[in-house]
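Some notes on the structure that comes next.
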Amino acid sequence: MKEITVEELLAKAEQPSKDAKRLHAYYRGKIGVTLKCRIRDINDFAIWYTPGVAAVCKEIHQDREKVYEYTNKWNSVAVISDGSRVLGLGDIGPEAGLPVMEGKSLLYKYLGGVDAFPLCLNEKDPDKFIAIVKALQPTFGGVNLEDISHPKCFHILDTLRKECEIPIWHDDQQGTACVTVAGLINALKIVKKKIDEVKITIVGAGAAGVAIARLLMSAGITPGHMLCVDSKGILHRDRSDRDILQNKFKEKWDLCLKTNAKQVKGDVPDAIRGTDVLISCSTPGPGTIRRDWIKTMAKNSIVFACANPVPEIWPWEAKEAGARIVATGRSDFPNQVNNSLGFPGIFRGALDVRAKTITDEMCIAASNELAKVAQDKGIHEEYIIPTMDEWEVFPREAVAVGGKAIEQGVAGKNIPAKERFKMAEDTIKKARAEVQMLMKEGFIIDPDK
């Protein structure tokens, strides 16, 4: 791999920001509302609005489930945030978080054919936030929680998953974990190591790190073989701040109880020594993870350095230090671990079978299918996971997720797999074709022409 200077990488990383300010102002946002029904003349308004619509309202009043047949609820997802942890910017508020939620909605539509709507709430109290989301259920078929600070993000997700009738998803937790597990499945195949035997270290115990640890355990990692590290060191049962963890960071305390069977103490270098797999969701680098630490890992080691915009260690540094497979969160390096490979297909599958929730098993089904897409093309050290332009990923994920929902009894509709694939494929193709048509006809204008 050609070594790139820090200056070159930073310049490349800054270019999207420059373009973003110009183009966001030009388009005044990224999404809008388009019609999906025919309008032959104004007489059709009597069908779509009053008086005709009253007949539809009465049907739904008699059978609430018909809302999925008569409205767009079947394909609608709310992307909801309080702006308390937006990207790496911190608590910048709901207005400043809105461009991110619009961007998420764009990806939902283009990659998954899902109609997603950004909703940024001026409400930081987690219990009030929960109440608002629950009150929105009549309108939406699902909810994507986004950019909510921890530890309240855990409480919000866990409560809503238990109490809502529609699937609730937190992409910073479940999405990151799903795609990470997919990449790890294939990385372990390449190095010929078994998932239940490897030693694994997770650096960073925020929303992403905790969720990755949880899903890895569901996927077959032996909990006692796992070490998790936060800003104060390795998680273990005898931590000096155990009272704080037990009261304010219960998810971390749960990891203290389940992981680290040998009660290893120390910091990041101690946690990395001898491990087979390092997954870092920590402070952007370079230099957060040091080359000499990687040298202490087991033979044929795997390193996921997922911080953005700069990974905790440059891929070539990790390789020179002995790592056999390296993944990052960036598209300009091989093996990009990107949430966008997960949520569009996962929600497509959940919506198509009218799932009431998204279980961990459904996430693992998506991980396995993601891994299989890459396997079908031929995995190697620099291709352990598909890229976003391999669009067949999304209908295949949808089928896997929907199938698992049916199997687990959380689906409202039992549809054969072939039919579900065609539904997903047609919906996604239509969404992409609409954008291309609008560009071709000049309704979406190219500002550079």
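The values are calculated or read from the model by the stated rules, or taken from the named source; none is laboratory data. Treat the numbers as computed from the prediction; the structure is a model and nothing was measured. All Cβ positions, even for glycine, are placed from backbone atoms using ideal geometry, and neighbour counts span all protein chains on display.
Among residues of the stretch 216-236 that are within 11 Å of G204 (Cα to Cα), those with a Cβ under 8 angstrom from a residue that is among the acidic types (D, E) and in a loop (DSSP other than H, G, I, E, B), sequence gap 6+ or separate chain, pair up as V229/D267; K232/D241; G233/D267; I234/D267. Hey, any hits in the stretch 125-134 for a residue that's within 21 Å of V33 (Cα to Cα), at pLDDT 95 or above and outside the structural domain of T357 (by TED's automatic domain parsing)? So far as the stretch 125-134 goes, no, none of its residues is within 21 Å of V33 (Cα to Cα), at pLDDT 95 or above and outside the structural domain of T357 (by TED's automatic domain parsing). In the stretch 182-203, the residues that are not assigned by TED's automatic domain parsing to the domain that holds E381 form no Cβ pair under 8 Å with any partner that is surrounded by fewer than 24 Cβ atoms within 10 Å (Cβ to Cβ) and not basic (K, R), whether six or more places apart or across chains. Against the criterion of being within 15 Å of R348 (Cα to Cα) and surrounded by fewer than 19 Cβ atoms within 10 Å (Cβ to Cβ), L106 qualifies.
For the residues K124, K162, K192, the requirement of being within 21 Å of V86 (Cβ to Cβ) and either of a type in the set (K, R) or surrounded by 16 or more Cβ atoms within 10 Å (Cβ to Cβ) (or both) singles out K124.
For the stretch 397-449, residues that are outside any loop (DSSP other than H, G, I, E, B), free of Cβ contacts under 8 Å to residues at least 24 places away in the same chain, more than 20 Å from A371 (Cα to Cα) and of a type outside the set (D, E, K, R) total 5. Being among the aromatic types (F, W, Y) and closer than 16 Å to P167 by Cβ holds for only one residue in F443, F343, and it is F343. Filtering D332, D360 for residues that are within 14 Å of C178 (Cβ to Cβ), surrounded by fewer than 22 Cβ atoms within 10 Å (Cβ to Cβ) and either among the acidic types (D, E) or not assigned by TED's automatic domain parsing to the domain that holds G274 (or both) leaves a single hit, D360. Can you find a residue in the stretch 335-348 that is assigned by TED's automatic domain parsing to the domain that holds A213 and free of Cβ contacts under 8 Å to residues at least 40 places away in the same chain? No, the stretch 335-348 has no match at all.
This table checks each residue for (1) closer than 30 Å to S17 by Cα; (2) in contact with a helix residue (DSSP H, G or I) (Cβ under 8 Å, 6 or more places away or on another chain); (3) in a helix (DSSP H, G or I).
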{"residue": "M101", "(1), (2), (3)": "yes, no, yes"}
{"residue": "S105", "(1), (2), (3)": "yes, no, yes"}
{"residue": "F140", "(1), (2), (3)": "no, yes, no"}
{"residue": "H150", "(1), (2), (3)": "yes, yes, no"}
{"residue": "L157", "(1), (2), (3)": "no, yes, yes"}
{"residue": "I166", "(1), (2), (3)": "no, no, no"}
{"residue": "T176", "(1), (2), (3)": "yes, yes, yes"}
{"residue": "I195", "(1), (2), (3)": "no, yes, no"}
{"residue": "V198", "(1), (2), (3)": "no, yes, no"}
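Condition check: outside any helix (DSSP H, G or I) and exposed (fewer than 15 other Cβ atoms within 10 Å of the Cβ). Does D389 satisfy that? Considered against the rule, which asks whether it is outside any helix (DSSP H, G or I) and exposed (fewer than 15 other Cβ atoms within 10 Å of the Cβ), D389 comes out as yes. Only a single criterion out of (1) charged (D, E, K, R); (2) at pLDDT 95 or above; (3) within 24 Å of the chain's Cα centre (by Cα) is not satisfied by E419, namely (3).
Inspection of the stretch 83-96 identifies no residue that is in a helix (DSSP H, G or I), in contact with a helix residue (DSSP H, G or I) (Cβ under 8 Å, 6 or more places away or on another chain) and closer than 16 Å to D172 by Cβ.
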